[in-house]
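For reference, the structure is listed below as C-alpha cells.
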Amino acid sequence: MAISRVVGSVFQNPRSQFFNIDTDCELAFGCENLGMNPEEIKQHVENVVQEFHLEHLLGRSIFNLSGGEKQKIACASVSATGPEIFVLDEPSANLDLKTITDLKEIVSRWKKAGKTVVIVEHRLYYLRDVADRICYVKDGQIAEEWMPAELEAKGAAYAACLGLRCMNLEQLCEGMVRQAHRHDDIASGEIDDIASDKNNVIASEAKQSIIFSNLTFSYHHKHPILDIDRLELPCGQITALIGHNGAGKSTLAQVLCGLLGSWRQKRAARKRGTYLIMQDVNHQLFTESVLDEVLLGMKPQDEKLALEILEGLNLKQYADNHPMALSGGQKQRVAIGSGISSGCDVVVFDEPTSGLDYRQMLAVSATLKKLAASGKTLLVITHDPEFILNSCQSVVRMEHGKVVEQYPLSGNENQLIKTMTGKL
Amino acid sequence: MKLDPRTKLFLAAVANGMIFTAPLVYSLLMVAVASILLLLEGKWKFVCIFFFVYLSAGFFFGQVKNLDIGTSGTIILASLFLMYRIMPACVVLYYVVTTTKVNEFLACMSRMHISNKVTIPLIVMIRFFPTVYDEARAIGNAMRMRGIRLFSLRTLKSPVAFLEYRLVPLLVSITKIGDELSIAAVTRGLSAETKRTCVATIGFRWVDFVVCAYCIVVVVMFLLRN
Ligand SMILES: Nc1ncnc2c1ncn2[C@@H]1O[C@H](COP(=O)(O)OP(=O)(O)OP(=O)(O)O)[C@@H](O)[C@H]1O
Ligand SMILES: [Mg+2]
C-alpha cells in the first residue's frame, strides 16, 4: 500500500511539495489521489480552510503567494487528507507568531483525534504545551529525550548550549531586558566589543537616517499591496521589519531594491544602492568561485579589495571554492560579500534566520552586527523574536501594506513580543 | 470561458500539424482562435506583445527576402525564420499550458482511459513551465541587483558571459525542479496505480463544440485545398 495513505508529510521548503498551480486544486489534490468521493472532498477542504483561515487565499496561483502563505497551504493540504501519521519538517519556519498559534491548535486537535504527530522543529515554545516527548538528535542518533517540562526545568542556558531555541517567549523577553542592563553595567569578554559598537552606533544615530518616501506598489491594478508614505531607517543600525504573513514585507524589500515597482522607483533604488539578500540564497550565486562572486558586482574589479571583503566575512580560505559547495551559512555570507562589493549602503535581508538553530542564528546575528558596525544600514525581515532581541536596535511593523508602528527596541521588548504574538 | 482539456489537446495537435505541413494562412487561422481564447482569459498583454513581435518579424522577412547576404547571413536568417514559423504553435501551447489545471487534465485523461504512466509525465511538463519561469524571474532579480542587465554596456561587450550568468543557474535549478516534482507526486499519493477522483467537473459544452468544429473545418479546408 502506498505510504502516502498513512503518512502525511510537509516539507521544509513548501515549494517542493506543490503539484498544482492554484491553491484550490492543491488543497483537494491529496484527497483526490486517495479516491474519496467529491462531496466528501469538498467537506474536508472546507474544514481545513476554516481551521487555517485560508479564505483569502482560495483561487490564487501558488506562485503569487508569500512565503508564509505557501507554508499554510502546504500544511492545510496535508491536513485535508487526514492521515494517521503526520510528519512536519519545520512547518513554522516562515509563519508569523499568530499563525503559529493556529498551528499549535491544529496540532493539538490532531492529537485529540488520536493521530501520531512528528514535528521536526527549531522553534520549541509553541510545542511546549502540545508535545509529549522531545527528542534531541545528534550525529544521526537520538542523543537525549525529555518531556517539555523537563527541558524547561533545565533552564535556558542548558538549552542554549545544545543549540536549542528558547522554550518560553515571555521568559526570553525578561531575560533579554536583564541582560541589557547587565551590559550597561559591566562589559565582559567577547560581548564587549559588540556592546560598545552598539553604543557608538546609538551615538551616531541621532545624526542621520535614510528616508524612503512614496513607496507604493500593486501587483494588479485592483488594490495596492504597498502604501507607505515614509519609511525611516536609522543609519548604521539593524532595523527589524515585522508583520503578519502577507503583509507585504518581501514586496517592500523588492521595491526598495529596485526589483519591483515603477521605472522611477527602480531608478531611485539604483542610485541609492540597496542590496537584497534573498531567503533562498541559491538564486543569488552563479559564478564558478567565491572570489568571482565578489568580483562580479564591482565596478573596477579589484582583487585585493575583494579578498579583504572575504576576510571580513571569514571566507578567505574558501576564495577558490565553488559557491554551491558551501554550507548554508557560508553561502549567505558569500551573498553578503557580493552585496558589499557592489557598494551598497543599505542591505535588506529577507528572513535570514528562518530554519536555523540557536547557534547558527547567533552566527548570522554576529555577521549582521559586524556589517552594521562597518557603517551599513540593515533592514531585516523576520518572524524570529529571539533574533530581534539579540541583534536589532529598532523595529518597524507593517500591516496590510502600511507601516503602522516604528520604535526603538530598547525599553519596548515586551510590547514587541505582545504585538508579534497578537496578544495586544 | 472554460474549455475541456480534451478540446485544448485537440487544438494544440491541429495547430502543430498545420504549422509544419500547411502554408502560413492555416497557422494564422490557428493563431486567431488561440488569441481570441487568450483574450477571453484576460491575457491581452501577452497577445499584444505576440502580435507586435510576430508582425514586425513578418515585415522584416518580407524586406530581407530578396537581399543577398552571403552564406552565414543566410544560415542565421534561416534559423530566425524557423523560429518565426514556430511562433504560432507557441501561442497555442502557451494557452494550453497556462489555462489547464492539473486536476482537470488528470480527470480527462482518466476518462479517456489513458494510463497514468502516460499522464504523469505530461502533467509534470505542464507544471514544469511555470516553475521554470518563476525560477528564471528570481535569478533575473539577483542579476539585476548585481548590475547585470540585458541592456547595458557590459552585456554588449561580452554577450556570452551574460548568457552564462543567466543560463547556468537556471539549468542547475531546472534539474532540481524535475526531482522535486517527482518527489511531490509520490508524497502526495500520485502514482501509476492510484485510482483518483476529481472535484473539478469536466465535460463538453457548446464552446468546445465550436472550437472543435473550427479546427475540423480548418483541417478539411487544408486537405481539400487543391
Ligand atoms: N507575484 C505576485 N503576484 C500577485 N500577488 C502577490 C505576488 N507576490 C506576493 N503577492 C501577494 O502580495 C501580498 C504581500 O506579499 P509578500 O510576499 O510581500 O508578503 P510578506 O509580508 O513577505 O509575507 P511572509 O511573511 O509570509 O513572507 C500577499 O498577499 C501575496 O499573496
Ligand atoms: Mg516574505
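Every number in this text was worked out from the coordinates using simple rules, so none of it is lab data. Since we're looking at a predicted model, the values are computed, not measured. Every residue, glycine as well, gets a Cβ built from its backbone with ideal geometry; the counts of neighbours run over all protein chains shown.
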Fill in: Structure-based [θ]222 nm, chain B - -39500 (n - 2.57) summed over DSSP H runs of at least 4, per residue, nearest 500
-27000 deg cm²/dmol
Fill in: Kirkwood Rh, angstrom, region A:324-424 [1 / mean 1/r, Cα pairs]
14.7 Å
Fill in: Taking chain B and dividing mean pair separation by its residue count, relative contact order in percent (alpha carbons under 8 Å, at least six apart)
34 percent
Worksheet item: When the convex hull of the C-alpha atoms of region B:112-199 is computed, what volume per residue in Å³ does it have?
Response: 134 Å³
Discussion item. For chain B, I need the span (max minus min coordinate) of the C-alpha atoms along each principal axis, in Å, sorted largest to smallest.
Written reply: 56, 53, 31
Fill in: For the protein assembly as shown, alpha-carbon Rg relative to the globular expectation (2.2 N^0.38 Å, N residues)
1.07
Worksheet item: What nm value, rounded to one decimal, do you get for the distance between B:R144 and A:A325 when each label is placed 7 Å out toward the C-beta?
Response: 3.3 nm
Worksheet entry | Averaged over B:135-141, number of beta-carbon atoms from partner chains that fall within 10 Å | 4
Worksheet item: Per the Debye formula with a single identical scatterer at each Cα and no solvent contribution, what log10 I(q)/I(0) holds for region A:3-121 at q = 0.10, 0.12, 0.15, 0.22 Å⁻¹?
Response: -0.25, -0.37, -0.59, -1.43
Discussion item. In whole Hz and in residue order, list the ³J(HN,Hα) couplings for region B:119-125 that follow from phi through the Karplus curve 6.51 cos²θ - 1.76 cosθ + 1.60, θ = phi - 60°; x for Gly and Pro.
Written reply: 5, 4, x, 5, 5, 4, 5
Practice prompt. Which order do the peptides A:406-412, A:8-14, A:228-234 take when ranked by the mean count of other beta-carbon atoms within 10 Å per residue, highest first?
Written response: A:8-14, A:228-234, A:406-412
Worksheet, complete the sentence: With the label point 7 Å along the Cα-to-beta-carbon line of B:Y133 and a cut-off under 15 Å to each amide N, the hits in region B:75-109 are B:90-102
Worksheet item: Given the pairs A:K316/A:K402; A:K316/B:K176; A:K376/B:K45; A:K70/A:K304; A:K418/B:K101, which are separated by over 31 angstrom at their Cα positions?
Response: A:K316/A:K402; A:K376/B:K45; A:K70/A:K304; A:K418/B:K101
Worksheet item: Rounded to the nearest 5, what is the percent of antiparallel bridges among the DSSP beta bridges in region A:3-121?
Response: 10 percent
Practice prompt. Take peptide A:246-258, look around each residue's Cβ out to 10 angstrom, count Cβ atoms belonging to other protein chains, and average those counts.
Written response: 1
Discussion item. Can you give me the C-alpha center-to-center distance between region B:95-111 and region A:121-144, rounded to a whole angstrom?
Written reply: 42 Å
Discussion item. I'd like the mean, over residues of A:31-37, of how many other protein chain beta carbons sit within 10 Å of each residue's own Cβ.
Written reply: 6
Worksheet item: What is the Cα centroid distance between region A:15-66 and region A:344-393, reported in whole angstrom?
Response: 34 Å
Fill in: Relative contact order (percent, whole number), region B:112-199, Cα cutoff 8 Å, 6+ residue spacing
43 percent
Item to complete: Please give the peptides B:18-24, A:86-92, A:300-306, B:84-90 ranked by average Cβ packing (other Cβ atoms within 10 Å per residue), highest first, as a rough proxy for protection.
Response: A:86-92, B:84-90, B:18-24, A:300-306
Discussion item. Ranking request for peptides A:242-248, B:215-221: highest mean number of other beta-carbon atoms within 10 Å first, then the rest in descending order.
Written reply: A:242-248, B:215-221
